[in-house]
Amino acid sequence: MAREVDGWEHTKNGPRWAPTTGVQVADMLCGLYGDEYDEAKREIDDLIRAVQRDCAEKIRQAQPEVPEEFTTPHRRYAWRQGRIYAADLIMPIYPGDEDATG
C-alpha cells in the first residue's frame, strides 16, 4: 500500500489513512461529471492554494532561534534562507501571479 496509489501508509502502529493531495482530490471528485466536476475541482484547487499560502506565510513570519551549532555567519544565513526556500516550495508562483505580485 502506498500513499500515492491508494492513500494508505504503513506505520509501526499499523496502516493509517494518509492520502496525498492528488489521491484525496480524486476521491472527492469521484462520481462527479461535467459542470459539477469542473466547479468542484475549481473550489478544491482554490482551497489547496489557500492552505499552501497560509503555510508559506506562517513559515515566512516565524522567527525561530538559530540553532547553537550554526556558529558561523554563513551557516546562520543558510539556515534562515532554508526557511524562505521551504516557503517558496510550498507556495509556488502560479502562471499569471507574477503580474499580481509585482
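Here, each number is a calculation from the coordinates, and none is a lab measurement. Note that the structure is predicted; figures quoted are calculated from it, not measured.
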Which cross-chain or sequence-distant (5 or more) residues have an amide H under 5 Å from the amide H of Thr20, H modelled 1.01 Å from N in plane?
Gly7
Computed helical MRE - 222 nm, the chain, DSSP H runs ≥ 4 contributing -39500 (n - 2.57), nearest 500:
-20000 deg cm²/dmol
